[in-house]
Amino acid sequence: METTSSALTTRRRPVRPLFASLACALALCVAQAAGAQGQTGQSGAGADVPSASATVEQCVTAVDQAERSATFSGEMTTISGTARMAMRIDVQERMPGEDTFHTLSAPGLGVWRGSAAGVKTYRYLKQITNLSSPAFYRALVRFHWLNDRGHVVRRAERHTPRCAQPAPPPVATSTTPTTTSPSPTH
């Protein structure tokens, strides 16, 4: 058995330097990738990667326009150097035949909403109702990380998935035959 153990030990020795070389190369690649992320042109302290997401929380379709709605949300987490965070949700619409989305204008839309100081995760919801159909809706969510002086240290923006509002089903027309009384004959 000692011969087998000795043979295994002999085989492992050449592998260790190779493994160490691969580990060093991998560490160098990771360090270069982290450095490249820090050079994306965004301002901010260190190589913090902002965590920000934009989602559709709810997409309600209905025959009655007043009952159609979409709820969009944004969520962001603090990075180093952040005292407060701010978010803005703009709702966009694309009607049939249009190539691009356009931003809707309504009270409460397109307004920056800020977190309280010291908040670690900031989440903001925006619901829009009375949606037209057929149409697609999405939100453009903008994120700002602010320092203690209120200056923006990092920016990001994300689009939510679409909320599809299909055309309402055609209204059934009444096909009840009309009855006429026969003419009296004399």
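Coordinate-derived values only; no laboratory data. In this text, all values refer to a predicted model and were calculated from it rather than measured experimentally. Note that we place each Cβ from the backbone using ideal geometry, even for glycine, and neighbour counts take in every protein chain shown.
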Can you compute the equivalent ellipsoid semi-axes for the stretch 52-165, i.e. the square root of 5 times each eigenvalue of the Cα gyration tensor, sorted largest first and rounded to whole Å? 30, 13, 11
Would you mind ranking R142, R113 so that the residue whose beta carbon has the fewest other beta carbons within 10 Å leads the list? R113, R142
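Relative contact order for the stretch 116-162: what is it in percent, counting Cα pairs under 8 Å that are at least 6 residues apart?
Numbers: 37 pairs, mean separation 15.0, N = 47.
32 percent.
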Starting from the amide H of A135, placed 1.01 Å from N in the peptide plane, find each other amide H under 5 Å away whose residue is 5 or more places distant or on another chain. Q165
Taking V141, V56, V152 and counting other C-beta atoms within 10 Å, the order from fewest to most: V152, V56, V141
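Restricting to DSSP loop positions (anything but H, G, I, E, B) with no more than 12 other Cβ atoms inside 10 Å of their own Cβ, which GluC sites (Glu not before Pro) remain in the stretch 59-132?
Values: sites: E67, E75, E93, E98; in loops: E98.
Those that pass, being in a loop and sparsely packed, are E98.
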